[in-house]
Amino acid sequence: MKTIALVSGTGGSGRTTLTAALACAIRRSGRPVLAVDADPANLLALHLGAIEPAPTGLDAALLAPASASAYALENSDGVRILPFGGTSGGDSHWSADPHALRTLLQSVELPDDTIALIDTPRLPSSLAAQALAAADLSLFVWRADCASYARLGALPADTARALHLINQMDPTRRLQTDVHSLLRARLGKRLLEQVVHRDEALPESIAANRNPFDYAPRSRVVQDITTLAQQLIEVVTAGALP
Amino acid sequence: MSEPARRRSSSWADRLGVADRRNPADWLWRLFVLPPDQRRRWPLPIELLTEALRAAAIRVLGVRQPGRLRDWILAALLVRSAPPAATAHAAEKTPTSLLTLLWRWLLLPLSIPSHQLDRVDFRPADRRLETFARYTTEHRPTLGYLMVAAVIVLLSICATTPLTPLAQLVLFLLMWGSTLLLRRLPGKVPTLVMVGFSLVASSRYIWWRLTQTLDLEPGLESVMGIGLVAAECYTWLILILRYVQDSWQLNRPVAPLPADTTRWPTVDVFVTTYDEPLSVLKPTVLAALSLDWPRNKLNVCVLDDGRREDVRRFAAEVGVQYIIRSNNFHAKAGNLNHGMTETRGDLVAVFDCDHIPVRSFLQMTVGWFLRDPKCALVQTPHHFFSPDPFERNLGTFHRVPNEGSLFYGVIQDGNDLWNATFFCGSCAVLRRTALQDIGGFAVETLTEDAHTALRLHRHGYTSAYVKLPQAAGLATETLPGHIRQRMRWARGMAQTFRLDNPLLGKGLTLFQRICYANAMLHFFNGLPRLVFLTAPLGYLFFEYHIINAWATTIAVYVLPHLIQAGLVTSRIQGKYRHSFWAEAYESVLAWYIALPTTLALIKPDAGRFDITAKGGLIEKGYFDWKISLPYVVLTALNTLGFLIGLGRLLFWNTYETGTVLMNLAWTIYNIFMLGAALGVASEARQVRVAHRVPLRVPATLYFEDGRTIACTTSDYSGRGLGIELDAPVETSADARVQIVLSRGDREFAFPALISTVGADRLGLRFAQLSLRDEQNLVACTFARADAWLDADEAVARDRPLVSLGEIMRFGAIGYRHLVVSSFALLTQRLRASRDPASVAA
């Protein structure tokens, strides 16, 4: 199993929506996929077809002796989901063991070619740090705005296995294209050339509780995510960053 | 059978079968001709036979309405009224299978050696030849000149050795057979061998003509005979000069620039304008601003000889230097020279105001100035994204190479080998110090560009030609405009030939002299072309034997000359000029450049600078009677000659059938060439002011509600964009959208309105764009580095026989236009004479 953690230093960068869409895209390319929700907000399952927030999940697995597989769900497209589960106590109990997430993920029994995507809370947070440590590849998700540019400096030092992605890109806004150029100059090759554009198709499909690939197959965002999924699969299976 | 008894009591009109009693013509007609229902019948077998023949004729000729005489005439002229799409594809069809089979069977003996030759790799020979040539030119120039002398001696021997007609025929068959084998092989060696054959065949022909065929009667016969032989000598001379110029093209690579941009020179980009509208100038200036070059080393200048307020305001708005002067002396050359006094860059890039450069223009050209300190000029091709009058009126755009592509595809590249690249007035970079050294741009002639280059070469500077389209512009719109432009070139070149003859004076190498001489002499083709278009009439009208020889003897000399030259020309130029098109282009211009070139030779200082109009539109198709008058007259003469020739063939000159047939064939060829010229004169409708350029790149369409469509563009213009869709979208005309295009790794959005909604395509019209948007739009479209690189890809390769067929078809179409326009003109005149009021209304 290969794992990709989706992290970001700012809020509202669209991690959860992107994780869900990427999971769909990877599943559609024929590979088994596991979408792991490591965010106490517990929204990922809702993005993948669940009607109600999942009551139990990763959080419960931390305390229970059983394998995390017991809490996994599967949607009609064949995407397996490990929700975070309802919680009231935040994520402070996760800081006791810095490798708890990795241990839990290792306990999941899935085919070897599975790709796991981990949705995380905003950095800095212990769960996001655990996800970064557990993942084969970290994907930093940014919006092309000034806050993102400011937050770049506060990144974790170890970014050898990290790639950066511009999400919700709106080319009709001059500022965004300018910040994009700045980020490109700053990050160089570690910034993926493929961006994911802002597109109403994504929120609309979630509101309609439908898969975006069926809802708006010709939209820009669907094309973006399909290409991005292909690139990420290549990176994690080849084990080498571009 | 009729029943006259029943009709005896009725009126005369009924009896005669007059349909319209008030029409006297009808009465007259019926007095002599029976109405169809009273026709007396022939005996049955003859009836059946004529009926079958008539039906067959209708089917084969494709007569539309067999009842109308006009349709029969049109059909007899071999004009099919096929839809335009079908005509466009007709050229791709292979010739009739029977002919092909016959042809293959004829060439069967050649198939065995040709298969053997296919296994030989000729590339090492090519490489050796190139190494040897380089060694000779660089280290042993004397050896080179000795070889030229040896070639001349050998050629003279080959040309002057007397042979019997039979031996001459055998020689021709041997050369022709070898050429058919050689033309299959790639590389320079086979080309040079073929050139050798062609030189032998043509020189033998000219020698024979000059020594054996000039035994003429004094009077008009001598005048015509000597005129013809002079015209032939001219074409022979041009042929030799052209072989020197074209046989070996340099194909110069791009010289890379150093990585350190501080070593890059500073450049002033001059955009010259006089009275062209701002909408034509704008994209060029915006593209010049987007050139990939360090900002502090690039200075864009608008040189406005029109001194217009809106241009000045635009220049200030986009931040480019605006240069004007108090007079318009020496037109463009004077404008450029004045521009030089106001700027200080190391290099000067020159653009006509309608040539839009691509972003990589300077990076592709400037390298040669750094590599070669004597380099004074780097020229790039002129590419046109709109059809010229030939392409538009004949429908050959993107299919048959246009008139200019020979010059930029072959001639300039051949010139470059001999360090004789010409400056073409636009899309070029020049070195300031070199220009100052020769006293600025040449102002003495109408073609300041070629004259400036000539001066640079005389002063020992070198030049370079980079055969990459790095700019594109509008072609001349109408035939008169096109002809006016060519007339100006022809006059300017003739002036230069008189005032600063490249064959004389200091500073040029032998081959530079040849290249310049050919470029200038080439424009004197008007008179010889007119001679060829009328030569057979001397015999057909007056029975002058202006070539005093038997037709068969003429054939064994002239056919090798024509065929060998045709085959080599097709090999060297095929990609840039299809066979027989040179004749078509020259036929159109011949009448108009014959006089100006001759006058310019006699009185070189007469003549005015003329600027051709661009960016117009032709609202209604029409036939240009004024321009085509000389061709109508020539056509009438040739047609008359042809009819008389038929008489000579059948009745009056049966003792010299060969001579009659030869002259008839020549006349037919002329008639078709003239027909093509008439076809060009028939101006097709042109509806778009902004020309659409095909472009297939990914794009995104943003609707107002945030939805998007990932799509591909199909074409663009300065005003709109076409989009291909794989399925219909829900939208309506006039919906506001944003279209996102990318340039490199940056994306740009442009506001637009939906103008047309189709099942698989959308038409967009750009909304009000800010100047910044416009600049980005130009950068994403016209100024893309790869915008014109594959422009030649769509052009079909040359197949001489197919090309001949195509010209003949265009000839026939030209006559259809002529006939239809004549009918239209006649009816219009008739109606006007009958009822002047209705026409005025």
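Things to note:
- Evaluating A:GLU193 against the criteria (1) assigned to a helix (DSSP H, G or I); (2) within 12 Å of chain B (Cβ to nearest Cβ); (3) open to solvent by 70 Å² or more (accessible area, probe 1.4 Å) leaves one unmet condition, (1).
- Residues satisfying the criterion are absent from the range B:814-837 (criterion: farther than 30 Å from B:LEU629 by Cβ, out of contact with any His (no Cβ under 8 Å at 6 or more places or on another chain), free of Cβ contacts under 8 Å to residues at least 24 places away in the same chain and among the acidic types (Asp, Glu)).
- Residue in the range B:219-233 that is touching a residue at least 24 places away in the same chain (Cβ under 8 Å), of a type outside the set (A, V, I, L, M, F, W, C) and either open to solvent by 40 Å² or more (accessible area, probe 1.4 Å) or farther than 30 Å from B:TYR544 by Cα (or both) present: no
- Of all positions in the range A:160-167, none carries a residue that is within 11 Å of another protein chain (Cβ to nearest Cβ) and farther than 21 Å from B:GLY706 by Cβ.
- Only one of the numbered conditions (1) open to solvent by 60 Å² or more (accessible area, probe 1.4 Å); (2) within 30 Å of A:THR226 (Cβ to Cβ); (3) away from chain A (no Cβ under 14 Å) is violated by B:PHE651, and that is (2).
- So A:PRO171, is it within 14 Å of another protein chain (Cβ to nearest Cβ) and not in a helix (DSSP H, G or I): yes
- Matching residues, the range A:174-190, being within 11 Å of another protein chain (Cβ to nearest Cβ) and among the charged types (D, E, K, R): A:ARG174, A:ASP178, A:ARG184
- Options A:ALA64, A:ALA20, A:ALA70, A:ALA50; residue that is on the phi < 0 side of the Ramachandran plot and open to solvent by less than 20 Å² (accessible area, probe 1.4 Å): A:ALA20
- Taken over the range A:1-15, the criterion of being open to solvent by less than 10 Å² (accessible area, probe 1.4 Å) and not polar (S, T, N, Q) is satisfied by A:ILE4, A:ALA5, A:LEU6, A:VAL7, A:GLY9.
- For the range B:784-796, the criterion of being in a strand (DSSP E or B), open to solvent by 20 Å² or more (accessible area, probe 1.4 Å), within 20 Å of A:PRO171 (Cβ to Cβ) and away from every other protein chain (no Cβ under 14 Å) is met by no residue.
- Scanning the range B:271-294 for residues that are in contact with a helix residue (DSSP H, G or I) (Cβ under 7 Å, 6 or more places away or on another chain) and in a loop (DSSP other than H, G, I, E, B) gives B:SER290, B:LEU291, B:ASP292, B:TRP293, B:PRO294.
- Any chance B:GLU444 is over 30 Å from B:ASP624 (Cα atoms), in contact with a Ser or Thr (Cβ under 9 Å, 6 or more places away or on another chain) and modelled with pLDDT under 90: yes
- Search result, residues across the range B:506-518 that are surrounded by fewer than 18 Cβ atoms within 10 Å (Cβ to Cβ) and either within 18 Å of B:THR667 (Cα to Cα) or of a type in the set (S, T, N, Q) (or both): B:THR509
- Any hit, the range A:211-228, residues being assigned to a loop (DSSP other than H, G, I, E, B), within 11 Å of chain B (Cβ to nearest Cβ), at pLDDT 90 or above and in contact with a His (Cβ under 8 Å, 6 or more places away or on another chain): no
- Some residue of the range A:23-42 being assigned to a loop (DSSP other than H, G, I, E, B), at pLDDT 90 or above and in contact with a Pro (Cβ under 6 Å, 6 or more places away or on another chain): yes
- Lone unmet requirement of (1) crowded, with 21+ Cβ neighbours inside 10 Å; (2) within 13 Å of the chain's Cα centre (by Cα) for B:GLY404: (1)
- Number of the exception - B:MET808 against (1) outside any helix (DSSP H, G or I); (2) buried (at least 19 other Cβ atoms within 10 Å of the Cβ): (1)
- Test: B:ILE240 is at pLDDT 90 or above, buried (at least 16 other Cβ atoms within 10 Å of the Cβ) and not in a loop (DSSP other than H, G, I, E, B): yes
- Taken together, B:LEU530, B:LEU559, B:LEU521 contain a single residue that is under 27 Å from B:TYR669 (Cβ atoms) and surrounded by fewer than 18 Cβ atoms within 10 Å (Cβ to Cβ), which is B:LEU559.
- Of the strands (runs of 3 or more DSSP E) entirely within the range B:701-771, those holding at least 2 residues that are surrounded by 14 or more Cβ atoms within 10 Å (Cβ to Cβ), away from chain A (no Cβ under 14 Å) and within 35 Å of the chain's Cα centre (by Cα) occupy B:708-716, B:720-724, B:761-766.
The values are calculated or read from the model by the stated rules, or taken from the named source; none is laboratory data. All of these numbers come straight from a predicted model, not from anything done at the bench. Cβ atoms come from the backbone with ideal geometry, glycine included; neighbour counts cover every protein chain shown. Keep in mind that these areas ignore ligands, DNA and RNA; they rest on the heavy atoms of the full protein, side chains included. Shrake-Rupley method; radii C 1.70, N 1.55, O 1.52, S 1.80 Å.
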